[in-house]
Every structure is written in structure tokens, then in C-alpha cells.
Amino acid sequence: MLFRSIDVFNREALAIEVDHRLRSGDVVEALNRLVRKRGAPKYLFADNGSEFSGHLVDLWAYHHQVRLDFSRPGKPTDNAYIETFNGSLRDECLNLHWFGTLAEARQLIEAWRVDYNVRRPHMALGNIPSAEYALQANNQRGSMALTSAQS
């Protein structure tokens, strides 16, 4: 299973958590790591998986004053940023590798995430990588919103 989180402002892939099973506690751990590194977002867009709709994520959001916004069931366009990211992840990484171990999957997926942020140009950002865009816009950034999904 994968938990993915991207910054909708600069399209940066903030985290991809890989494990056999991910629960709401795993999501909260990942979100806490992101908060320590980047601060809390104003919004968290998520699908309706049980790992997001449970009490732990709700309490996390309340504690960090983050607004949770859930996509409607069967409406992937409600969370278009993560769906676009999912397609890129699948086409450029998951479909190209056969993972023998969980450690290998984590290593290859993390390498892809870094490459996605540092080297891969994004049309929506003027054909520059998300990391470069984030550096350019860092002083102008007024709000941060995350979008997350699990599969």
C-alpha cells in the first residue's frame, strides 16, 4: 500500500509511504513528519479511505488547525492533483519495476520521488521542476495545502 502526499501549490511530492498495510496511525505519523519539516498545511484534501476518515486523522487535523476536505466517493476529479500524480507514479515508476522486497520498493520509490521533485518539469509550473518553483516562490507563499491518497 502507498500513502502519497503532494503540495498542491508547487506540485512537490512531499512523501510516499510504502508498507504492506497502512492505517490512520501511519498516516498521522507521516503527517507529523511533514509538519515538523514544513509546518502544518491549512488544508488536507483526502479520499474517503478508512485511514483518513477515522478519529486519529480528525484529531490530528483539529490539533493542527487543518481543514479536512474529503473527495466524494467515485469522484476522482475532486482530488485531481493527487490523481494526476498517481498516474505519473504508476507510469514512471510502479509499472517499470518488480519489487522483490519492501525495502527495495521503498528505495526505488523514494529515488523516483526525489527525481520527480528535482528534475521533472511540470507544465503547470512553466516547465520547471517543483523544487525549483518552490525556491522561486518561497517568499510569496501565503498558504499551503496538501492532498493525500492511499491505495
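The values are calculated or read from the model by the stated rules, or taken from the named source; none is laboratory data. Since we're looking at a predicted model, the values are computed, not measured. With ideal geometry, Cβ positions are generated from the backbone for all residues, glycine too; neighbour counts draw on all protein chains shown. Note: accessible area is taken over every heavy atom of the protein model, side chains too, but ligands, DNA and RNA are not part of it. Shrake-Rupley method; radii C 1.70, N 1.55, O 1.52, S 1.80 Å.
General observations
- Think of it as helices only: each DSSP H run of n ≥ 4 in the chain is worth -39500 (n - 2.57), and spread over all residues that comes to -13500 deg cm²/dmol at 222 nm.
- Taking trypsin sites (Lys or Arg not before Pro) in DSSP loop conformation with at most 14 other Cβ atoms inside 10 Å as exposed sites, the chain has its longest uninterrupted site-free stretch at 43-118.
- Largest first, the residues Val28, Val57 sort by 1.4 Å accessible area into Val28, Val57.
- Contact order normalised by residue count of the chain, Cα under 8 Å, 6+ apart, percent: 38
- Per-residue SASA entry for His55, accessible area with 1.4 Å probe, Å² rounded to 10: 150
- Option label - P(r) over Cα pairs in 10 Å bins from 0, in percent computed here, alternatives (1) 13, 42, 31, 10, 4, 0; (2) 10, 38, 40, 11, 0; (3) 11, 41, 37, 11, 0: (3)
- Using the Cβ of Val27 as centre and a radius below 10 Å, the other residues enclosed give a net charge of -3, where K and R count +1 and D and E count -1.
- Element breakdown for region 1-140 at a 1.4 angstrom probe: carbon and sulfur atoms account for 51% of the accessible area.
- Computed about its Cα centre, the charge dipole of the chain is approximately 340 debye, with only Lys, Arg, Asp and Glu carrying charge at their Cβ.
- Exposed loop sites here are chymotrypsin sites (Phe, Trp or Tyr not before Pro) assigned a DSSP state other than H, G, I, E or B and surrounded by at most 16 other beta carbons within 10 Å; excluding them, the longest clear run of the chain is 1-97.
- 13 Å beta-carbon shell around Arg90, net charge (K/R +1, D/E -1): -2
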